[in-house]
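Read-outs throughout are calculated quantities, based only on the coordinates presented, and are distinct from any laboratory measurement. Note that this is a predicted model, so its numbers are computed, not measured. Heads up, the Cβs are rebuilt from the backbone with ideal geometry, glycines too, and the neighbour counts pull from every protein chain shown.
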Amino acid sequence: MRSADNGHERISYEKRQAFWDVLESPKVIHLILVFSVLLVLIPIFWEVLTSLKTNDAVYSLNYIPRDPTLSSYYQVLIGERYWKAVFNSLVISTTTTIAVIILSVPAGYAFSRYRFRGDNILFIGVLFSRLFPPIGLIVPYYRIMAWLGLLNSLPGIITAQIYLWLPLMIYIMRNFFMSIPSDLDESARVDGCTRLQAFRKIALPLAAPGVAACAILTFLYSWREFLFSLIVTTDLKSMPISVAVYQFVGDVSVQWASLAAASVVAILPTILVVVFFQRYIVSGLTAGALKE
Amino acid sequence: MNNTTYDTDMSDSKFISANADGPAESTDDDYNVQIRDVTKVFQDQDGNDIVAVDDLNIDIRRGEFLVFVGPSGCGKTTSLRMVAGLETPTEGQIRIEDQDVTGLDPRERGIAMVFQNYALYPHMTVRENMSFPLRIRSYPDDEINERVEHAAEILGITELLDRKPSQLSGGQQQRVALGRAIVREPSVFLMDEPLSNLDAKLRIQMRTELNEIHQRVGKTTIYVTHDQAEAMTLGDRVVVLNDGHLQQIGPPQELYDNPINRFVAGFIGEPPMNFLPSTVHEEGGNYVADGDFFEVTLPDHIAGVLDEWNGPLDQLTFGIRPEDLNNAELLDDEEYAEDRSIRATVKIVEPMGSDRFLTMVPANSETPEFTARVSPESEVEPGDEMTLIANLDKMHLFDDRSGENITY
């Protein structure tokens, strides 16, 4: 019965449990949650405050604007370039979402249901493409887009967005389909379905929450994507909102208040999407953890 | 909703009419399903071959209730899935209605299957679940309704038709799964451990109902279970599988009374048969089985077998079922026989109401424990020493080297 620990001063069981009891108490948990929420909200709040100043007033170091003004918003919203950018972003995000869903749902299903030669390697390959820091792919991406003549065009940006988000969505869809018992597809096939019908009539309707989650996430991710869009667009006609906001950063000065106002306006649609669809996002992302 | 006509419609109706023509008087060669020389080899993660089913040959008669039974991993579910078309045999042929279906899709085989987890479609109501096989085959609406209502009536689930599967109890879900199979009017029913998710009481109740439904519907049924009691109670014939090999096939009573080897003897029957190591020698013109703690004179029919037997007499195991060991004190003088007695100590007493299960340990012996199933009047307590009289008409001798029953 003698263990190697004998003779050492060990913290007693009661003391260790007491420590965990404190850590798990509602008060401590709430404190941590409040802290986390503040961590997320404070920069946004700061940005909103900045957007209420004038560009010059930003440099007088007050947190609260002395004379709050909506002039920055006015300046952003009357510009044609802003509305064009919103339109571009809508086109990019919608097209990307549709394409990613069309590709990732069948792919995720195939990875969840079928064993074929090289299936594991292929799946790891899909995930592997997301392991590179995107910045490392910027140069080849630029070269390829230049070669295809897609610089300064919406298809060029959409291609990049699909490349960026497809692997993640394949992964999410695969996990979602894996949470749907394959007995159901097999039963459907015995009942008279072809493999494709079993997918369409049984697995797909059951995966609807997952599909919704993937669609929402893809939309949000491609809406806010900045780096790849910045690389291929210098032109207003194909510029998405994430890049347009950046136009307030000049060579010699930064128009902070305008930048802040434009950012606040740019995140409004995403906030709406999250508020309306959070149910799907949560259920979609946690599906793999639930059994039946 | 679905206006496409599928090829399967034709074969389906053929199956139905074939059944309507003559299921009543089925002859012995009227085989509904034939499994011929079927082998299934899987590859594990490291690419090693695993033989799940090895050279299986079974002919299943029309209207028969055939049960595949064996421990987990014996290949019973794989065999069923090959009949269903959900797995492809590595070698061999599956024939249904005298037609080679080996390469055909499940939907083209005229089968219906009940899965262990019922596999009810969660997004459909009971009615939609049950009608799904008919809707996908574009049956006319009134026929669909008629068949669904009829099946629901047989199963007593009419009032559940508009519920979703999640609103049903396990037993009700089970009935819906059966209903979905019945509406198809398939040539063959396949059932993969359909009762194993139910609690003990419901399982026995559903077992009886399955028997009843089978008698009513009269269709060929292949049923997979790991539970020998289900196999015994349900099967017209039972197939015992172990390690992918067919051990024995026959009516349940035959398997119980006359098991081909030690595996079948130990698998069929609860509590299982006792195996007592022994040697056999000749003594005064009789054969005597000599265990560590008992010595019994073998009856004539066993002696006849031993006369023919060329193997070593000292490598035999004496097999006897618990109910063939009786409490000597409760027997009258005529039944009592010294040369059939086994003496041992009682270790555990389990009263079952109708019988008592006694776990016995032989005194001064390495021989493992064995079980006796004695009458409830036996007043014994743990620690008592008692004499059991063996009914040697029902004994068996197993060859230690092959496990084969030499008295088979």
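Some values worked out for this structure:
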| quantity | calculated |
| --- | --- |
| Integer Hz, Karplus 6.51/-1.76/1.60 couplings in order for region A:103-118, x for Gly and Pro | 8, 7, 5, x, 5, x, 4, 4, 5, 7, 10, 10, 9, 9, 4, x |
| Per-residue [θ]222 nm for the protein assembly as shown (sum of -39500 (n - 2.57) over DSSP H runs n ≥ 4, rounded to 500) | -14000 deg cm²/dmol |
| Region B:315-380: GluC sites (Glu not before Pro) falling in loop per DSSP and having at most 15 other Cβ within 10 Å | B:Glu334, B:Glu335, B:Glu366, B:Glu369, B:Glu377, B:Glu379 |
| Qualifying trypsin sites (Lys or Arg not before Pro) in region A:186-252, DSSP loop, other Cβ atoms within 10 Å at most 12 | none |
| Residue exposure sequence - A:Val249, B:Val67 - by fewest surrounding Cβ within 10 Å | A:Val249, B:Val67 |
| Region B:121-247: projected area of the alpha-carbon convex hull, averaged over directions, in nm² | 8.6 |
| Of B:Leu66, B:Leu331, B:Leu104, the one that fluctuates the most in a GNM where chain B has Cα springs shorter than 10 Å | B:Leu331 |
| Hull shadow area, averaged, region A:97-194 [alpha-carbon convex hull, nm²] | 8.0 |
| Rg to Rh, two decimals, where region B:91-143 supplies the alpha carbon set and Rh follows Kirkwood | 1.06 |
| Calculated P(r) tail over 40 Å for chain B, as whole % of Cα pairs | 31 |
| Computed over chain A, the ratio Rg/Rh where both radii use C-alpha atoms and Rh is Kirkwood | 1.09 |
| Per-residue Cβ neighbour rank within 10 angstrom, fewest leading, A:Phe123, A:Phe228 | A:Phe123, A:Phe228 |
| Projected label distance in nm at A:Phe35 and B:Ser72, using a 7 Å step from Cα toward the beta-carbon | 4.5 |
| B:Glu282 versus A:Thr94: modelled label distance in nm, points set 7 Å from Cα along the beta carbon direction | 9.9 |
| Stokes-Einstein diffusion coefficient of region A:3-72, Kirkwood radius over Cα pairs, 10 °C, 1.306 mPa s, in µm²/s | 96 |
| Linear extension gain, B:Thr102 paired with B:Asp384, 0.36 nm per residue minus alpha-carbon span | 95.5 nm |
| Cβ-defined net charge surrounding B:Phe398, 12 Å radius [Lys, Arg +1; Asp, Glu -1] | -1 |
| Axial C-alpha extent at least 15 Å, average Kyte-Doolittle at least -0.5 - helices from chain B (DSSP) | B:170-183 |
| Inter-probe distance in nm under a simple model that places probes 7 Å from Cα toward Cβ, at A:Phe116 and A:Tyr74 | 6.1 |
| 14 Å Cα-Cα reach of B:Lys394 towards aspartates and glutamates, excluding residues that sit fewer than 8 places from it in its own chain | B:Glu254, B:Asp257, B:Asp300, B:Glu323, B:Asp324 |
| Region A:37-87: trypsin sites (Lys or Arg not before Pro) in DSSP loop, at most 15 other beta carbons within 10 Å | A:Arg66 |
| Contour excess over end-to-end distance, with Cα ends at B:Asn310 and B:Ser354 and 0.36 nm allotted per residue | 11.6 nm |
| For region B:274-399: span of alpha carbons on each principal axis (Å, largest first) | 44, 32, 21 |
| Candidate lysines - alpha carbon under 22 Å from A:Lys201, same-chain residues fewer than 8 apart omitted | A:Lys291, B:Lys164 |
| Convex hull per residue volume in Å³, alpha carbons only, for the protein assembly as shown | 294 |
| Residue-count net charge about B:Ala265 - beta-carbon cut-off 13 Å; Lys, Arg +1, Asp, Glu -1 | -3 |
| Proximal charge balance of B:Thr387 [Cβ under 12 Å; K/R count +1, D/E count -1] | -2 |
| Sequence-distant lysines (8 or more away, or on other chains) whose Cα lies within less than 19 Å of B:Lys347 | none |
| Packing-based exposure ordering (other Cβ within 10 Å, fewest first) of B:Asp236, B:Asp333, B:Asp37 | B:Asp333, B:Asp37, B:Asp236 |
